[in-house]
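Below you'll find the structure, written out as structure tokens, and then a few comments.
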Amino acid sequence: MLKQQSKLSSMELFVTGYLCLVIDLIAKPGSVPIKYCAAITILASALDIAVVYFLVAGITEWKNGAKLFDLTDTSVAVKPAFFCGFLLLAVAAGDTIATTFRFLRSASDWQLSFLVFLLLTLAIAVYASKLGVFSIARTAEVVLVLLIFSVVLIILSTLGRADLQNLKVSVDPAGEVLHAALRGFSVSPSLFAWFVLVSQSGPQKQGLFFRVLLAVFCSYVVFTLVGELVLGGFALGQSQPFYTLARIGNLSVFRRLDSLHSFVWALVLVQKLAVLFYTASLLLNGAVKKLTANAAMAITAAACAVAAILLGRIKMQMLPLILTVATILVFLLASLRKGENPPSES
Amino acid sequence: MEHKITGNLEQDIVYFKDCFGKSADFYLKTTKICDVECAIVLCDVVAGVDNAWEMLLRPLREEPRDFDNGKALMDYLTENSALAFSPKALTDLEAARYALTTGHTVLLCQGATSALMFSTQDFIQRSVSPSDSEVNVYGSKEAFSDVLRKNMGLIRRRVRTDGLIIESLEEGRYTRTEVALIYHRDLVKPGLLEAVREKLQKIDLQMVFDTSYLAPFLESAPYGLFSGVGITDRPDTLCAKICEGKVAVLADGTPYALLIPYFFPEHFQCMDDYASRPYYASFIRLLKYTAFFIAVMLPGLFVSAANFTPEIFPEQMLYKIAASEGATPMPLFLEAIFVNLLLEIVKEAGLRMPKSIGHSVSLVAALIVGDAAVQFGLIGSPIVIIAAISAICGFLVPTLYQPITILRVLFILAGGILGPAGILLLLMGTLFGICGIDTFGMPYTAPLTPYAPGILRDGLLRTGWKARQKETFTISDLPEEGERDDS
């Protein structure tokens, strides 16, 4: 069996959750550009995050400190939830691998076979899972420092081009905010993976989930504002505006800092993959108790590989929507059979 | 099978002659002390005959009393004599035989069913000298010597509270090497001492000549690149670690002590940090962290960038690199491997070569690698420069030299074959590996991650002594993880 008791601290949970969610704001190759100005998208994202918070907190009864999953539960009723959770996270992990590959290919001209890349990333994910959740959580703190360094460097290297006049104001804010919120609404499978980790770590303070979402929202505000300040109207046509900032930024004689930034962001993507892979293996082990840890990881790796190959070949514009719906459904399924409700630490 | 001392002098002498008779260093002399037939037994390469004479025989020669039998003499020597020595009575011939090997003298008496052992150690030993492996500018210049008892004195002199405990153990079936387990009773982390003692007691080695023989038994991942057990030959470092709640292990015959547990940030600390001003010590620490990553990753990054993403180089540098690469027969990453392996060969040769001809190594290396090979076009200048920078950075963190060397080669291979993706994935694998190490239940990367206030106190940076006075920091203050499966 995989290590079942994994009492991560609040700090470790915060960092792990934040990294898994924030990278989706930065590295999103092939995504549909947002056609609204920063003011609209920021308000829309605030609305979306509030909806996600109340929706997920309500489903999981976060207020009462309830555990979403109890992996020691051997009853048959929980197996569908475990299995569906496993499938969701395996697909999400495969999507992460495909995204990472696309991102690296778009960021530079080097050629590497997707199959080789797939095998290597899965090997790293398996290695991280074997080492355990503490290894993944501690690495997250290191990667977070690198990400903060990268973001600060981008801001410093592009601040010289910022122009307040680039900030736009909308004529119909209410309508556009609603439209943008509807278009941009998503519940990431990473959130579900994070809740699996939280379930294993015992009761958490009420504010932890809120703090994670707040941090993601603040990061989005920074990325969007800086993007519009520097790029102006060009930001509207960018699928990865923050990456565009990385490409145009320079510090003194240092050009092409985007290579450094791409590298750091790819580290965050691999970190996210490790979290998704680990939690997927955990849920598979919970669904099929007879599986050994190695067998669970092998099956998870196979599932991730299939998902990555399929998603790498087929560009699904509807994939974010499908994953959102699937995540909400899995949350609902998991909450139908929860463990005991220990008192929260708040 | 126990062999008790019979009291029959001739019979007991036969036992010792059977054990040691063929050894050239075996010394046995029968004599009469206070009208009692006695035998003096010692190994004259580890015990001094003069010491035995001065301590026991000369004073007893002047003793006016005579004793009826050996037992009376023994009782007098152990309980009533004013002689300046601390004898210990032995009833077992096996124990007496072992005492000879540790520099003790054994006194046998006719009619006494016990023997006396007393210390008359007098063997050739290295004096206390400065450390070769942990050089410092300020602070103590003393390093441990090869004699355990002397090292105990160096420790006891520095930690003068009664909480310092030095337990004695034995390791090695055929060497029975004395091993000391050292800790501070009031500061040691609960559970750590018992765990270390239990692991040491389970060791069953044929021989032990160095503490490094014991290290794999104390590590959680003996085949990993990084070790959760540290090594030092400085008494001040050992005492500092003991005062932080750690446990040290010293063995007789080696100046190197094991420190348990040992954390990753400690590789970047040295005693000079605590003698320097905090701002400078913090600067040097950050420099060492940077040097570590440069030492490990620079050659691989260069190879990856030159082969796969040359656009990141400035134009002028790119032309020079391209020209250099075009003039050499080997691919860039093979050049990098070749140069780094050559540097390791030169370094190893310099270590093992007799000092009288050691200066030739640096001359040959400089001429062949640094000049002739480049001029001939076998290897390019950029790769030699990168390798040299990487090697020098590696010397900044000498305790991590072994993993740096291996990781450097791995990064070169990853960068040369797979490009940026290889570097990326290997870096993540390395980070996962380092962060996944636990040493006796404590994270190897503490206090860097999981984050603890100690990171500013004495981890990444160093605060001043004024800010740290009145506080008592031990490793028990570091964050503990939850329940873990350590199997």
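Side notes on the structure shown:
- Length-normalised contact order for chain B - Cα pairs under 8 Å, 6+ apart - percent: 13
- The long axis of helix A:189-200 is offset from the longest Cα principal axis of chain A by roughly 40 degrees.
- Both chains summed, the buried accessible area for A and B stands near 2900 Å², from protein heavy atoms and a 1.4 Å probe.
- Couplings 3J(HN,Hα) for region A:233-246, derived from phi with the Karplus relation 6.51 cos²θ - 1.76 cosθ + 1.60 (θ = phi - 60°), are x, 5, 4, 5, x, 9, 7, 10, x, 5, 5, 4, 4, 4 Hz, where x marks Gly and Pro.
- Accessible area expressed per residue, chain A, with surrounding protein chains retained (probe 1.4 Å, Å²): 41
- Database remark: amide H of B:Thr439 closer than 5 angstrom to the amide H of B:Tyr444 (H placed geometrically; neighbours at sequence offset of 5 or more, or on other chains; Pro and chain starts carry no H).
- Summarising the label geometry, the points placed 7 Å from Cα in the beta-carbon direction at B:Arg58 and B:Ile385 lie 7.2 nm from one another.
- Partners for B:Lys241 among lysines (Cα-Cα distance below 17 Å; same-chain residues under 8 apart left out): B:Lys189
- Taking amide H positions as modeled 1.01 Å from N, with prolines and chain starts lacking one, the residues under 5 Å from A:Lys205 and 5 or more places away or on another chain are A:Glu345.
- Probing with 1.4 Å while keeping every protein chain in the model, the per residue accessible area of chain B equals 48 Å².
- Of the solvent-accessible surface of region B:148-262, computed with a 1.4 Å probe over protein heavy atoms with every protein chain present, carbon and sulfur atoms account for 53 percent.
- Rounded to whole Hz, the Karplus (6.51, -1.76, 1.60) HN-Hα couplings of region B:452-465, x for glycine and proline: 9, x, x, 5, 8, 5, 7, x, 6, 10, 9, 8, x, 5
- Eligible aspartates and glutamates near B:Lys88 by straight Cα distance, threshold 13 Å, same-chain separation 8 or greater: B:Asp75, B:Glu79
- Cross-link reach list, lysines versus A:Lys168, counting only Cα pairs under 17 Å and skipping chain neighbours closer than eight places: A:Lys35
- Counts of other chain beta carbons within 10 angstrom of each beta carbon in peptide A:116-129 average 3.
- Remark on B:Ile33: its backbone amide H falls under 5 Å from those of B:Cys38, a criterion applied only to residues 5 or more positions apart or on other chains, H modelled at 1.01 Å from N.
- What the Cβ-Cβ distance of A:Leu164 and B:Leu205 gives, at R0 = 60 Å and to the nearest 0.05, is a FRET efficiency of 0.25.
- Given 13 as the ceiling on other Cβ atoms within 10 Å, longest exposed-site-free region of chain B for trypsin sites (Lys or Arg not before Pro) in DSSP loops: B:203-469
- Per-residue HN-Hα couplings for region A:277-283 [Karplus 6.51, -1.76, 1.60; θ = phi - 60°; Hz; x = Gly/Pro]: 5, 4, 5, 4, 4, 4, 5
- Ligands, DNA and RNA left out, the 1.4 Å accessible surface of chain A is 69% carbon and sulfur atoms.
- Taking all Cα pairs closer than 8 Å and separated by 6 or more residues, the relative contact order of region B:278-435 comes to 45 percent.
- Normalised by the number of residues in region B:168-220, the average gap of Cα pairs under 8 Å and 6 or more apart makes the relative contact order 42 percent.
- Taking chymotrypsin sites (Phe, Trp or Tyr not before Pro) as exposed when their DSSP state is a loop state and no more than 14 other Cβ atoms lie within 10 Å, the longest site-free interval of chain B runs over B:224-487.
- Legend: residue pairs B:Lys288/B:Lys466; B:Lys150/B:Lys466; A:Lys79/A:Lys272, Cα-Cα distance threshold 31 Å; pairs beyond threshold, B:Lys150/B:Lys466.
The values are calculated or read from the model by the stated rules, or taken from the named source; none is laboratory data. Small disclaimer: the values here were computed from a predicted structure and weren't measured. Because the Cβ atoms are built from the backbone with ideal geometry, glycine has one as well, and the counts that use them run over all protein chains shown. Surface areas here come from the heavy atoms of the whole protein model, side chains and all, with no ligands, DNA or RNA. Shrake-Rupley method; radii C 1.70, N 1.55, O 1.52, S 1.80 Å.
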